[in-house]
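What follows draws every value from the coordinates through simple rules; no lab data is involved. Treat the numbers as computed from the prediction; the structure is a model and nothing was measured. Note: ideal-geometry Cβ built from the backbone for every residue, glycine included; neighbour counts use all protein chains shown.
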Amino acid sequence: MLGNTLVGRYQILSHLGGGGFGETYVACDTHLPGTPKCVVKKLQPQANDPATLEIARRLFDTEAQVLYKLGTGDRIPQLLAYFEENAEFYLVQEFIPGHDLSQELTPGKTFTQDEVIALLKELLAILEFVHQQNVIHRDINPRNILRREDGKLILIDFGAVKQITTQVVTSTGKPKSTVVIGTPGYIPGEQAQGNPKFNSDIYALGIVAIQALTGLLPYQLEHDTDTNEIIWQNHAQVSPEFAKFIDKMVCYDFRQRYASATVALQALTDITQPATETVAITPTLPPAKFRFNQPKKNLFIKLLLAALLISVTGTASVFIVNSINSNNATDLAKQGNTLFELQRYKDALASYQKAVNIRPDYAQGWQGQGKTLFRLKQYKEALMAYDKAIQLQPDYLEAWSGRGLTLQNLQRYSEAIASFDKALELNEDYPEVWNARGEAFSNLKQYDQAIKSYNKAIEFKADAYESWYNKGLALQNLKEYDQAINAYNKAIEIKSDYERAWYNLGNALVNLNRYEDAFNAYDKAVQYKTDYSIAWLSRGNVLIVLKRYPEAVESFNQVIKLNPNSYQAWYGKGWSQHQNQRYPEAIESYKKAATIKPNSFKVWYSLGNSQYILQQYQDAIASYNKAVRYQPKHIESWYSRGNALFNLKQYKEAIASYEQAIKYKPDYHQAVNARDEAQRQLQATTPQPVVPPALPSPQFTNPPQEN
């Protein structure tokens, strides 16, 4: 393409980049004065049959019109032209000097909270404009965010354009997209399943923010194995309210995220603006028009009575203050409740604190503090607040249950159970508390007691799928796999997309050697949660047992996409490739696993076996050496090492290796036979010492005797 001129106008100057969706070039417009630079994107459909081309042509025209409309904004490149040439589609866009954010978000470099807030405000404002045009970007990542020379951010490379190149026509004549559009690590689950939402862009932008705050790439981030939520706050220093904001941006369930860029931008503005105190101002009215509403009338009567009593007793002023304090504390607690519901926990905490400062005996204020501190994960402080509420109101049901949950998070399980018991004394019909009580017993490994609690939760709420699931876990820990399977099936019957239940159902089935059924369960788990790494891993492992090695490789590849540093996935992939006689590929997989976990003797042993089959004996010996270094008693490594040395005719060393295997397993007949053969070969190749022939003894005669 370099040097070519498209449609007699756009001369290609240099190549910017490309991939599966097409290529991008810098060109100059030879029809304009000064031949200004522009960007040319070449999009080539995956198929060139007439039906596919016609669909691509319609999409191209539609998306070009959308891009032209979006380009009217200052933060999106202007579309200058679009055309088709030789069944390839071209977009010509404004050239924007600058660099993309991947040059700023380098591994290990972290941004401050204020820097990330500024970044988010700017990008959310751009997204707000994009979404108002009914467009989902679908591929927000650092490479698609430009920093213009004036410092402003620009959003480029909309995923809808890429859709043009991914269409094929199926046998039924219907168009179908052949790939998921987006960049791994920045794609939420619903988009990976081909159903992007407006807040799919918010998820991707949240990942960019976490990357900036932590200095970690998306694949380096941990995920909660139960909820699949991202664990990142331990790598960053941010305020609790900003952490909550980010968590909501990247929530796994799109229904729990901000619904739009507008809502997210407003929420960010709310938490970054300083809180202001609201002062109520009562207008001054003419006396004839002055009226009290009922609450003020009651207060007026109290004030009047107090005034009459001033001359009699000194308690009137106390009465007035306590009445006003009660009203103020109640109002502040209500304000705290509202802020709590809005998830503005820091502001809510401030309101509750003011309430108890005014009225230290206000149990509801202490309870509010407790639940807010719990949400902020300040468990020790939450426990103190709950204890204060209970001291003031010993039968405070919510305080007892909250106290139990707090103790559970502090891993003080026995104390948590005692709090739950107190809550259940006050109200037995409390399935959530029964379930939490069961979890506390499970953490203590008292599974029988846990099951009793889960059964009570189910008794009061038959569709409590989490209690069915937890019951299954407890039964599985008791190795009662059939009953565990029944419990998991009940949870799935209530909530068919409960991926954790599908996953653990698979685990229970594996323990019963029902591998085909286990595969089906794992397959369901990853259907409902496409980035469920551990389920993909288990799926791959069970496919190895079923000897379906190519499918196992694909399953391990899914794990590697989600977590490139998964030692188990690389090891399983190598094992599957070895069994499928793809030895060079197996060697590469094993080497990757060894890089991640260099002290795993199993990896080195397996790597040695693949190298041995390819007759790479020296390499195999080096691998077996590593295996016995990390596991000196691994007899198979010693035996295989001996075989490699035997093939190199290093019989003495081979014998020593076989002897090590026999030392750890005296009845290892293969090693004994191999050693004996090596000894025979050694004797056959060892020169025998030359023995000189025996010489006859010299004959001595007696000397003649003298007379």
Original post:
Under unit Cβ charges (Lys, Arg +1; Asp, Glu -1), what dipole magnitude, rounded to 20 debye, does the chain have relative to its Cα centre?
Top reply: 700 debye
Subject >> Candidate lysines for bridging to residue 37, where Cα separation is under 28 Å - those fewer than 8 sequence places away on the same chain excluded >> reply: 69, 152, 162
Original post:
How are the Cα pair distances of the stretch 5-94 distributed, in percent, across 10 Å bins from 0?
Top reply: 17, 46, 32, 5, 0
**OP:** Within the stretch 491-570, list the trypsin sites (Lys or Arg not before Pro) lying in a DSSP loop whose Cβ has at most 13 other Cβ atoms in a 10 Å radius.
**Re:** 547
Subject >> Local electrostatic count, residue 413, Cβ distance below 11 Å [Lys/Arg +1, Asp/Glu -1] >> reply: +1
Subject >> Around residue 458: net Lys/Arg minus Asp/Glu count, Cβ-Cβ under 15 Å >> reply: -1
Subject >> Dipole of the chain, positive end: most advanced residue of 209, 520, 191 [Cβ charges, Cα centre] >> reply: 209
Original post:
Considering the alpha-carbon set of the stretch 53-138 alone, what are its Rg and its Dmax in angstrom?
Top reply: 16.6, 50
Original post:
Around residue 570, with a cut-off of 15 angstrom between Cβ atoms, what is the net charge of the other residues, counting Lys and Arg +1 and Asp and Glu -1?
Top reply: +4
Original post:
Tell me, what is the FRET efficiency for residue 13 and residue 409 to the nearest 0.05, using R0 = 51 angstrom and their Cβ-Cβ distance as r?
Top reply: 0.30
Original post:
By a straight-distance test (C-alpha under 12 Å), which aspartates and glutamates pair with residue 471 as possible cross-link partners, with residues fewer than eight away in the same chain excluded?
Top reply: 439, 448, 480
**OP:** Could you tell me which of the pairs 479/592; 334/388; 422/452; 561/591; 490/561 are separated by over 28 angstrom between their Cα atoms in the structure shown?
**Re:** 479/592; 490/561
Original post:
Of (i) 0.98; (ii) 1.15; (iii) 1.06, which one was derived for Rg/Rh (Cα atoms, Kirkwood Rh) from the structure shown?
Top reply: (ii)
**OP:** Calculate the spin-label point distance for residue 527 paired with residue 104, positioning each point 7 Å from the Cα along the beta-carbon direction, and give it in nanometres.
**Re:** 4.3 nm
Subject >> In the stretch 426-477, trypsin sites (Lys or Arg not before Pro) in a DSSP loop with at most 13 other beta-carbon atoms within 10 Å >> reply: 445
Original post:
Restricting attention to the stretch 512-557, which chymotrypsin sites (Phe, Trp or Tyr not before Pro) occupy a DSSP loop and are surrounded by at most 13 other Cβ atoms within 10 Å?
Top reply: none
Original post:
For the stretch 98-272, max minus min Cα coordinate along each principal axis, in Å, sorted largest first?
Top reply: 54, 44, 30
Subject >> Listed residues 40, 261, 231: farthest to the positive end of the dipole of the chain (Cβ charges) >> reply: 231
**OP:** For the chain, build the charge dipole from Cβ charges (+1 Lys, Arg; -1 Asp, Glu) around the Cα centre, then report which of 610, 409, 678 sits farthest towards its positive end.
**Re:** 409
**OP:** Could you calculate the FRET efficiency of residue 121 with residue 418 from 1/(1 + (r/R0)^6), where r is the beta carbon distance between them and R0 is 30 Å, rounded to 0.05?
**Re:** 0.05
Original post:
Over the chain, what is the mean sequence separation of C-alpha contacts under 8 Å (at least six apart), divided by residue count, expressed as relative contact order in percent?
Top reply: 5 percent
Original post:
In the stretch 214-258, which residues have a backbone nitrogen under 19 Å from the label point lying 7 Å from residue 511's Cα in the Cα-to-Cβ direction?
Top reply: 226
**OP:** May I ask you to compute the full-extension gain from residue 256 to residue 152, defined as 0.36 nm times their residue separation minus their alpha-carbon distance, rounded to one decimal in nm?
**Re:** 34.4 nm
